[in-house]
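Let me begin by presenting the structure, written as structure tokens, before commenting on it.
FYI, it's all coordinate maths here, none of it is from the lab. Since this is a predicted model, take the numbers as computed values, not measurements. Cβ placement follows ideal geometry from the backbone for every residue including glycine, while neighbour counts extend to all protein chains displayed.
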Amino acid sequence: MSDSSAPESRPATAPRLRGRHALITGASRGIGSAVAVRYAEEGAVVAINYSGSEDAANETLRQARDASTRAGFSEAAGRHRTIQADVGDERAALAMVDDVLADWGRLDILVNNAGVQSEAESHDYTMEEFHRILNINLTGALVCSQAAIRHFLSRPGGGTIVNCSSVHQMIPKPGFIAYSISKGGLGNMTRTLALEYADRGIRVNAVAPGAILTDINNAWRNDEEARDNVESHIPMGRAGKPEEMASVFAFLASDEASYITGQTIYACGGLTLFGDFKQNWAS
């Protein structure tokens, strides 16, 4: 197994998200949890959405409060919250955004992170499962974005949306047809919303992680041989950490990215460079 050590993620010297209010979907674990903690560390008030595990969401909440307190944002720490909702259910997703707005009176950042996948050969993939995946990964992201944009348009200052896509927005993933389609759609949704609302103070971007050490990748994360195989295809030679993804999400939500919209940042250790072509075997 390769050395998966990575530089420790550290917030900017001046907290970039001070006073912002952020809703992060699918934030009870993995990348979403890391984003919530990083945003809290940088001064934001965060709402941690979860669908299943309340215990996992409460653990993220505890970490977010600790991060805020350590960074000197004790008032924000007291305003962090969890909120249960299945973003694949339109009514539940809309009620979630309404609940957060009723509580805080504002929303500045939406992170569409909730996502699931399942495997089957494409010719055997059921439409029931196809629609389940798309409802969470794509339709849910659109429903939440619509609600956030309506709020952003109702006040001065606009707002920011950051979507969690995947390298499979670009790279095909045989056996995961619904997931691949959902991420391809999310990439174009990012660009379409960005163009439509660019002149109204609303920025929309995406982060496309590669092979990251999260629960969604348990099939290889906890198997040394399988992990070695995965990491052998990554030009940087290792899987990524959720905290490394959170750094990119924090940048895109901050004013340091104030002139960036409609972009997908591939945070993938070079996977999209097609590392097999490092050796000139094709010509």
Lone unmet requirement of (1) assigned to a loop (DSSP other than H, G, I, E, B); (2) surrounded by fewer than 16 Cβ atoms within 10 Å (Cβ to Cβ); (3) among the small types (Gly, Ala, Ser) for residue 102: (1)
Odd one out for residue 51, checked against (1) under 16 Å from residue 29 (Cβ atoms); (2) without any contact (Cβ under 8 Å) to a residue 60 or more places away in the chain; (3) not aliphatic (A, V, I, L, M): (2)
Boolean, residue 68 is buried (at least 18 other Cβ atoms within 10 Å of the Cβ) and closer than 28 Å to residue 129 by Cβ: no
Sole residue being aliphatic (A, V, I, L, M), buried (at least 21 other Cβ atoms within 10 Å of the Cβ) and in a helix (DSSP H, G or I), chosen from 114, 148, 194, 206: 148
Candidate set: the stretch 230-245, residues that are touching a helix residue (DSSP H, G or I) at 6+ places or on another chain (Cβ under 6 Å), outside any loop (DSSP other than H, G, I, E, B) and in contact (Cβ under 8 Å) with a residue 60 or more places away in the chain; chosen: the one surrounded by the most Cβ atoms within 10 Å (Cβ to Cβ): 245
